[in-house]
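Working notes for the structure below.
Please treat every number below as a calculation from the coordinates, not as lab data. Since we're looking at a predicted model, the values are computed, not measured. Here the Cβ positions follow ideal geometry from the backbone for every residue, glycine too, while neighbour counts run over all protein chains shown.
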Amino acid sequence: MRFTQQGWRNRMQRCTTDHSGDTGIMHFCKAFLFFILLGALSMSLAACGPAKRIFGEDEKPPLEGERLSVLQYQDGLEPDPVLASSQMELPESWRNSFWPQSGGYPSHAMGHLGLDMPLTRKWSASVGTAGHRRRPILARPVIADGKVFTLDAAARLSAFEAESGKRLWQRSITPKNETETGTVGGGIAFSEGRLFAGAGYMQIAAYNPETGETLWTQNTAAPIRSAPAVGSGRVFVITLDNKIQAFNAENGEFLWDYSGVLETTNLLGSSAPAVYRNIVVAALSSGEVLALRTENGQVLWQDNLASLRRHGALPGISDIRGLPVIDRGIIYVIGASGRMVALDENSGRRIWQQEIGGTETPWPVGDTVFVLTDDRQLVALSRHNGRIHWVERLDDLLDRIDPKDPPVWTGPVFGGERLILASNQGHVLELDPYSGSVKNSWTLRSGTVIPPVIADGRLYILGQDAQLSAFGGK
């Protein structure tokens with residue numbers, strides 16, 4: 001959502017007016033808004049770089065001595081000698097027609113996807129309002145029934161023909177009583193002929209994917225922070241105050257909720273829950289990881305990735321922005337505080353952990369898990385014990401970078417026997433999964449902060465200039 005003084009003044013006024021007769025609720029409203037404002041300020045300070053750029057202070061003469069990057073490379077990421085000398089085995093690719101939710105299928109485990117090579121641009125189309133630093137485009141495209149669905153920086157939901165890029169319809173999903181038309185947070189999901197969307201407001205809704213017509217709307221406890229996840233006939237969302245809420249996918253009826261620990265310092269974007277069979281796994285900004293029953297919200301087990309150690313590029317933040325992945329009985333989660341874990345799906349027992357911090361979603365393929373760290377290293381780990389096959393520093397793969405403004409990478413996705421990553425500066429890397437070496441590199445017209453998606457042999461990238469591009473073979 002957009003953090004503006006007038007916007008929050010309006011929210012405070014509505015909150016206190018609606019509950020003017022209840023002193024307890026008024027105090028809660030004020031405290032809740034205070035904590036969100038505090039978190040917003042923390043994010044702004046973290047995102048804007050040196051304080052002199054924020055407050056306009058005069059530059060002082062630089063101190064003498066060696067300059068070290070704030071984003072130091074994480075210690076201890078060395079290949080295991082046994083794994084480094086053995087041949088990695090990867091499964092054959094399979095062709096997925098759908099990419100229906102934020103992380104692909106509800107479990108977020110997609111494996112080795114079919115991708116028509118070599119990649120050439122097939123079409124580009126504008127999805128609406130471009131993103132910028134204060135209001136980036138964070139909602140990942142979803143693909144279903146031959147259509148691509150997107151959400152722009154002004155909360156406009158669009159549908160495009162996947163084959164040609166022709167726009168089929170577009171509509172605003174801003175609630176009628178909202179004065180702000182742009183938000184940060186939310187996303188899209190598709191399931192059983194319905195399109196679900198939330199855009200950082202206190203509302204989740206279902207739409208007809210053929211026309212964009214509203215099927216139902218339902219209020220949420222607080223502004224939506226995550227993309228919706230759908231499974232077992234239910235829609236799951238995570239709100240800004242770390243509440244997991246479940247709704248009936250058919251009619252929007254509220255079913256249950258679970259309240260996590262309130263966290264005031266968050267990263268932009270959020271982790272959408274993973275759903276598999278009768279469990280939903282949610283990762284919260286407090287570092288909590290929980291497995292709950294889809295039917296009633298009963299907690300099956302929980303863990304926490306928050307760390308007291310200063311480790312990685314974001315040591316003071318417990319947030320988990322990468323999506324949890326459920327793959328063949330193991331759940332993979334990585335947090336910004338410098339810890340990645342593999343958990344037993346049934347018990348939550350830690351199978352292994354690595355001192356790796358990151359904000360992108362792990363990608364398991366066969367017996368290997370690929371993950372991007374927050375200091376721009378791509379790591380290949382063993383699924384069984386977390387030991388490292390190889391580590392590649394992405395900065396070393398580019399001909400030229402500005403050390404004061406290095407690229408921020410997103411991904412990877414795995415298709416066509418290659419790992420694909422994109423950056424906020426428009427770089428795209430295609431890497432060999434067996435070694436991390438470069439197979440191909442190219443540039444986009446605009447940078448992106450959301451991972452590419454793959455469906456029906458094509459790669460789709462949504463740039464911050466609001467251009468959606470499809471790439472495929474000749």
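Annotations for the structure displayed:
- Taking a point 7 Å from the Cα of Asn251 along the Cα-to-Cβ direction, the residues of segment 183-226 with backbone N closer than 16 Å to it are 206, 215-219.
- Local electrostatic count, Asp344, Cβ distance below 11 Å [Lys/Arg +1, Asp/Glu -1]: 0
- In summary, the aspartates and glutamates within cross-link reach of Lys243, defined as a Cα separation below 15 angstrom excluding same-chain residues under 8 places away, comprise Asp257, Glu263, Glu288, Asp319.
- The calculated FRET efficiency for Ser164 paired with Arg328, based on their beta-carbon distance and R0 = 41 Å, is about 0.65.
- Packing-based ranking of 281-290, 240-249, 171-180, 123-132 yields 281-290, 240-249, 123-132, 171-180, ordered from highest to lowest mean Cβ neighbour count within 10 Å.
- Segment 240-262 and segment 133-164 have Cα centres spaced 24 Å apart.
- Stokes-Einstein diffusion for segment 80-472, with the hydrodynamic radius set to the Kirkwood value over Cα pairs and evaluated at 4 °C in a medium of 1.567 mPa s, equals 63 µm²/s.
- Environment charge of Thr359, counting only residues whose C-beta is closer than 13 Å and scoring Lys/Arg +1, Asp/Glu -1: -1
- Over segment 80-472, relative contact order from alpha-carbon pairs under 8 Å, at least 6 apart, %: 16 percent
- Pairs beyond 24 Å (Cα-Cα), from Lys166/Lys439; Lys147/Lys474; Lys122/Lys404; Lys147/Lys439: Lys166/Lys439; Lys122/Lys404; Lys147/Lys439
- Radius of gyration, Dmax [segment 376-474; alpha carbons; angstrom]: 13.7, 41
- FRET efficiency for Glu355 and Arg134, using Cβ-Cβ distance with R0 set to 45 Å, rounded to 0.05: 0.85
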